[in-house]
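Only the coordinates and a few stated rules stand behind these numbers; no lab work does. Model, not experiment: these values are computed from the prediction. Note that each Cβ is placed from the backbone with ideal geometry, even for glycine, and that neighbours are counted across all protein chains shown.
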Amino acid sequence: MPALVEQTRKRPVNLTLNEALVAQAKAYTSNLSATMEALLADFVASQQQAQRSRQQLADTCAADWNAVHASVGSFADEHTTL
């Protein structure tokens, strides 16, 4: 993903950040924008991975439930209002 971030167009954005924290961060980096962009890219990648993991878990759960339903049937099948 970092390669994709470098290839896209960049534009200025406004952020509201803690002034003291920004001053401290500048002691560790000469390019705060690049550092923030890298951190944001990592955050987005981790959130996407977490979303894929949740979706995979939900898909597995649904497949397991469908297998139970296919082999045992539904409790509601025995109780009809007709």
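Table for the structure above
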{"read-out": "The range 58-67 - phi-based ³J(HN,Hα) in whole Hz, Karplus 6.51/-1.76/1.60, Gly and Pro as x", "value": "5, 5, 5, 4, 5, 5, 5, 5, 5, 5"}
{"read-out": "Kirkwood-Stokes translational diffusion coefficient of the chain, alpha-carbon pairs, 4 °C, 1.567 mPa s, µm²/s", "value": "73 µm²/s"}
{"read-out": "With at most 10 other Cβ atoms within 10 Å, longest stretch of the chain clear of loop trypsin sites (Lys or Arg not before Pro) (DSSP)", "value": "11-82"}
{"read-out": "Over the chain: helical MRE at 222 nm, DSSP H runs n ≥ 4 each giving -39500 (n - 2.57), nearest 500", "value": "-23000 deg cm²/dmol"}
{"read-out": "³J(HN,Hα), Karplus 6.51/-1.76/1.60, whole Hz, each residue of the range 7-22, x for Gly, Pro", "value": "7, 8, 5, 10, 9, x, 9, 9, 10, 10, 10, 5, 4, 5, 5, 4"}
{"read-out": "Karplus (6.51, -1.76, 1.60) ³J(HN,Hα), θ = phi - 60°, over the range 30-38, in Hz, Gly and Pro reported as x", "value": "8, 9, 4, 4, 5, 5, 5, 5, 5"}
